[in-house]
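The values are calculated or read from the model by the stated rules, or taken from the named source; none is laboratory data. Source: prediction; values computed, not measured. Here the Cβ positions follow ideal geometry from the backbone for every residue, glycine too, while neighbour counts run over all protein chains shown.
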Amino acid sequence: MSRFKLTIEYEGTRYSGWQIQKNSRTVQGELVSALRRALDVKELDLAGSGRTDAGVHALGQVAHLDVRTVLGPEIIRMRANDILPPDINIIEVEKASAGFHSRHDAIGRQYLYQISRRRTALGKRFVWWVKDSLDVSLMRGAATAFSGMKDFRTFTDDDPEEKSTVTKIDEIVIRESGDLVLLRFRGSHFLWKLVRRMVGVIAQAGRGKLPVARVGELLQDESAPASRLTAPPSGLFLEKVYYPGDHVRTDLPPPMSVRHER
């Protein structure tokens, strides 16, 4: 049995998330089906670095593949991509050690969220259009409440795979790029719906409808106002998964296909 490390990009619009589900089309399911055909095998195992929700995209999802094959990494990549639908693409296949685990070995993850300040005909599947005026300085002030080691129990839903709701957010960067407001979140790991709820709260502060001083209090508010402010999945991208030795990248540009030009 050989183990490979796969780096994958996908548009999540048509899928019920990453993880295989009965009677639902998922990214993992499409990959497993394509790899079985490409390698002409019935038995293989594909495990991702983490799940993404329905409608969420990835620029750099990582998975490990266990399969019996004599084919090299580049042949595997090309054969699988010839079969995969156009909204899923394997960027790279690398030979990995038997002990490599895409989830357990990851030391950090980085997400990008794109808010559009205008209605867009071409990029609506990749942004959240916020009609109200946004004050980016207020958004940055609100984001400071989430930095560091925090208990995000009021910002997530029950998840049997998570034993703790405590996570460390290393950095939140908010910047403008034309008509886009880009929010980057880097941390050890992220709970279910956490990024989308942080974005929703930060945007509410940017609208002037939530005082910045109130944002930190939402982490203890059991009435769950954060859940009512959950941002849509369309603007969210899993941008990068970090492993030991990787360099931190916060200067990555937004996806070319959704850049807004004046």
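Just checking, does the range 18-25 include any residue being surrounded by fewer than 19 Cβ atoms within 10 Å (Cβ to Cβ), of a type in the set (A, V, I, L, M, F, W, C), in a loop (DSSP other than H, G, I, E, B) and touching a Phe, Trp or Tyr at 6+ places or on another chain (Cβ under 9 Å)? Lay out the reasoning, then the answer.
Within the range 18-25, the first condition is being surrounded by fewer than 19 Cβ atoms within 10 Å (Cβ to Cβ), and the residues that meet it are 19-25.
Cutting the leftovers down to of a type in the set (A, V, I, L, M, F, W, C) gives us 20.
This time we only want the ones that are in a loop (DSSP other than H, G, I, E, B), so: 20.
Subsequent filtering for residues that are touching a Phe, Trp or Tyr at 6+ places or on another chain (Cβ under 9 Å) retains none.
Looking for residues that are surrounded by fewer than 19 Cβ atoms within 10 Å (Cβ to Cβ), of a type in the set (A, V, I, L, M, F, W, C), in a loop (DSSP other than H, G, I, E, B) and touching a Phe, Trp or Tyr at 6+ places or on another chain (Cβ under 9 Å), one finds none in the range 18-25, hence no.
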Which members of the range 87-110 meet the condition of being without any contact (Cβ under 8 Å) to a residue 24 or more places away in the chain and farther than 24 Å from residue 71 by Cβ?
-> 104
For the range 213-232, the count of residues that are surrounded by 22 or more Cβ atoms within 10 Å (Cβ to Cβ) and over 18 Å from residue 140 (Cβ atoms) equals 1
Any chance you could count how many residues in the range 123-137 are surrounded by 17 or more Cβ atoms within 10 Å (Cβ to Cβ) and either touching a Phe, Trp or Tyr at 6+ places or on another chain (Cβ under 7 Å) or farther than 21 Å from residue 111 by Cβ (or both)?
-> 0
Being surrounded by fewer than 19 Cβ atoms within 10 Å (Cβ to Cβ) and within 18 Å of the chain's Cα centre (by Cα) narrows it down to one of 58, 47, 63, 98, so name that one.
-> 47
Looking only at the range 71-80, decide whether some residue is in contact with a helix residue (DSSP H, G or I) (Cβ under 7 Å, 6 or more places away or on another chain), in the same structural domain as residue 11 (by TED's automatic domain parsing) and part of a strand (DSSP E or B).
-> no
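Output the strands (runs of 3 or more DSSP E) that fall wholly within the range 88-191 and possess 2 or more residues being in contact with a helix residue (DSSP H, G or I) (Cβ under 8 Å, 6 or more places away or on another chain) and at pLDDT 95 or above, or say none. Steps first, please.
Details: elements: 88-95, 108-116, 148-151, 166-177, 180-187.
Per the criteria, 88-95, 108-116, 166-177, 180-187.
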